[in-house]
Amino acid sequence: MNQNEKLRDDILNLKKQRNAIILAHNYQIGEVQDIADFVGDSLDLSQKSARTNADVIVFCGVHFMAETAAILAPEKTVLMPDLNAGCAMANMITPREFSELKKKHPDAVYVCYINCTAQTKAECDYCCTSANSIKVVQAVPKEKKIVFIPDKYLGSWVISQTKRELILWDGYCPTHRRILPEDILKKKAAYPKAEVLVHPECTPEVIAMADKVLSTSGICRYAKESNSEEFIIGTEVGILHRLKKENPEKKFYPASELSDCSNMKLNNLEKILWSLEDMVYPITVPEDIAKRAKKSIDRMLEIT
Ligand code: CIZ
Ligand code: SF4
């Protein structure tokens, strides 16, 4: 038995003992995705957390995702194998900046992308994901002013699709911003038959060159259903593992090899085992924040 097989064995045994499940985001490294009970986007994973009969959830993603799981499944123990796995975008709006913004637009409706802290969610009217941001914005009465935080690129894509005027915050994902229009041109020249699928966290210039703009789960679904055999993928490179595994007969090329998120890559098999051994690191959200944050998540779920 090699080292990884031994680790996997130990994890599976301990998982049973603890009545635990392992959830992994679409951007996790291959070996983490492979040992997970379920792989998906942040909302899929949070909803899975709420529905599972497990007592313990080892959440392999980034901090705001584990927080969302803790909000939707308060009676379960949610563990993050590495507490350093934060999200650069979620940290681009601080509580102080947010309260200044609210003073500037006191009568606006606040819509937050799920990629933000529980505290930010608690201060917003609606939460949304990349899969339902358009629907959520369309559900806000037309006469209302909308502030959309923290992702200006997702926000500008929503503006283009809904024709609503959104007030945007200057946040973005550094990983997706690394994908450049030149990268798409180069890959299209190399693979002229490939469809270009990009995430709405990409810049408007990249989005303008895409055949389809989709969330991570949307990319996975589309790649399966499409008749195309080749795809250029403009999102975090971890998703290529799942795409290749689910579609072994198709070809997937990253738009840019540089679009990897170091925080998403902090989890590995060793850390998952330690997490189960020592029951670390538990993620909890203070009750009053959780209650208010849940309201904005529930309002999104009602719409979608
Ligand atoms: O919501 C998520 O999981 C993220 C970060 C992206 C997506 O489109 O799934
Ligand atoms: Fe945050 Fe971007 Fe990493 Fe996703 S890929 S966790 S948005 S920094």
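Here, each number is a calculation from the coordinates, and none is a lab measurement. Bear in mind that the values here come from a model prediction, so they are computed numbers and not experimental data. Here Cβ is always computed from backbone atoms with ideal geometry, including for glycine, and neighbour counts include all displayed protein chains.
A viscosity of 0.890 mPa s and a temperature of 25 °C, combined with the Kirkwood radius over C-alpha pairs in the Stokes-Einstein formula, give the range 51-118 a diffusion coefficient of 179 µm²/s.
This model, with +1 at the C-beta of Lys and Arg and -1 at the C-beta of Asp and Glu, gives the chain a dipole about its Cα centre of some 700 debye.
You can think of it this way: the chain between S99 and F38 has 18.3 nm of extra reach, that is 0.36 nm per residue less the Cα-Cα gap.
Projecting label points 7 angstrom from Cα along Cα→Cβ for N13 and A50 puts them 3.7 nm apart. Close amide-amide hydrogen proximity is noted between Y113 and C128, I149, D151, each under 5 Å apart and 5 or more residues distant or on a separate chain (H modeled in the peptide plane; Pro and chain starts excluded). Shown for K142, K224, K186, K152: other C-beta atoms within 10 Å of each C-beta, ranked fewest to most, produce the order K142, K224, K186, K152. Modelled spin-label separation between T304 and N2, with each label point placed 7 Å from Cα along the Cα-to-Cβ direction: 3.8 nm. Size of the range 196-277: Rg and Dmax of its alpha carbons, in Å, are 14.4, 47. Dipole check for the range 179-254: with +1 at the C-beta of Lys and Arg, -1 at the C-beta of Asp and Glu, and the Cα centre as origin, the magnitude is about 260 Debye. Per-residue ellipticity at 222 nm computed for the chain from its helices equals -13000 deg cm²/dmol, with DSSP H segments shorter than 4 residues left out and the rest contributing -39,500 (n - 2.57). Taking 4 °C and 1.567 mPa s as conditions, the chain diffuses translationally at an estimated 65 µm²/s according to Stokes-Einstein applied to its Kirkwood radius (Cα pairs).
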